[in-house]
Amino acid sequence: VEDALRQSQKMEAVGQLTGGIAHDFNNMLATVIGPLDLLATRIGADDARAKRYIDMAIDGARRAAQLTQRLLAFSRQQPLQPVPVDANRLVAGMSDLLVHSLGGSVRLETVLAAGLWWTYADANQLENVILNLAVNARDAMEGGGRLTVETANCHLDHHYAADHLGVPAGQYILIAVSDSGSGMPPEVIAKAFDPFFTTKKVGQGTGLGLSQVYGFVKQSAGHVKIYSEVGQGTTVKVYLPRLMVDAGERAQSLAGSALPLG
Ligand code: ADP
């Protein structure tokens, strides 16, 4: 619980700092990209080399702009818009996107529990979380491998929920994302959720993926835990609270009314 507090304070402080910097930096980038775009339109078709240099500069500036967008999204801590979610349907609906993001050498497997409970979460953000985890998994499987997305109903008893996860005991749904990749040593696991912690090369990792995952899950009254073995692979388990609603009320809830959590 202390760890969770430390983590959220850290994220808040870093969020405020980066938000301000990202905002100003983004404006400065606009003053770089705009003139470059103009210049690109004026370069004659015969000057292929100059065109190439300008394209490289524009490309670099665009990547910097993408990073500042991610930083802004991270620091804004946008309010979530929770709705009743059938995670099985959400995962199934993502399979094209996942296959595309994973590239040819990684096989996608989904194991969806029959009769999965519903949860109450921001569906777009939950998709983002799964995508973040899948991209990390892909990066850990350079030579190819298998990505498994699994769902399950999960009773967390008092002992396990409170002592191991720092969440209230109760009923949760589990979304587990597993890879057969390089795995993480304990010192990487310990820091993995920290904003800006990355082991990737400059320009390849922002170190914001897992801290976003962490922020989302905590805001959704859930929990996330990493199980990893170097050389074996990694499983990230996301627990989200079960939506307490019976089938009759479900239709109503889908019509847009907010429902209490159990
Ligand atoms: P980024 O992916 O930009 O580095 P993240 O916060 O998503 O930032 O991840 C932080 C670090 O955790 C990664 O740099 C990597 O070392 C480690 N990591 C995350 N997911 C995995 C995974 N599935 N397998 C191995 N290492 C991972």
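Just so it is clear, none of the values below were taken in a lab; they were calculated from the coordinates. Remember, predicted model here, so these are calculated numbers, not experimental data. As a convention, Cβ positions derive from the backbone with ideal geometry for all residues, glycine included, and neighbour counts pool all protein chains shown.
Semi-axis lengths, largest first, of the ellipsoid equivalent to region 1-75 are 39, 11, 6 Å, with √(5λ) applied to each eigenvalue of the Cα gyration tensor. Within the chain, DSSP assigns beta bridges of which about 85% are antiparallel (rounded to the nearest 5). Computed packing ranks the peptides 145-155, 60-70 as 145-155, 60-70, most packed first, by mean other Cβ atoms within 10 Å.
At q = 0.08, 0.11 Å⁻¹, what log₁₀ I(q)/I(0) does a Debye calculation on the Cα points of the chain give, no solvent, two decimals? Calculated log10 I(q)/I(0) at the listed q: -0.39, -0.71. Of all DSSP bridge pairs formed entirely within region 1-150, close to 35 percent run antiparallel.
For the chain, what is the calculated [θ] at 222 nm in deg cm²/dmol (nearest 500), taking -39500 (n - 2.57) for each run of four or more DSSP H residues and dividing by its residue count?
On the way: 8 runs with 127 residues, N = 262.
Helix contribution divided over all residues of the chain: -16000 deg cm²/dmol.
Segment residue 62..residue 8, full-extension length gain: 16.4 nm, with 0.36 nm per residue of separation and the alpha-carbon distance subtracted.
Within the same chain, lysines fewer than 8 places from residue 225 are excluded, and of the rest, those with a Cα less than 16 Å from its Cα are 191, 237. Each peptide among 131-137, 102-108 gets the average number of other Cβ atoms lying within 10 Å of its residues, and from highest to lowest they stand as 131-137, 102-108.
Remark: relative contact order (the chain) = 17 percent; criterion is Cα-Cα distance under 8 angstrom and separation of 6 or more residues.
With the convex hull drawn over the C-alpha atoms of region 63-169, the volume per residue is 149 Å³.
Over region 120-169, all Cα pairs binned in 10 Å intervals from 0 give whole-percent P(r) values of 21, 30, 37, 12, 0, listed from short to long.
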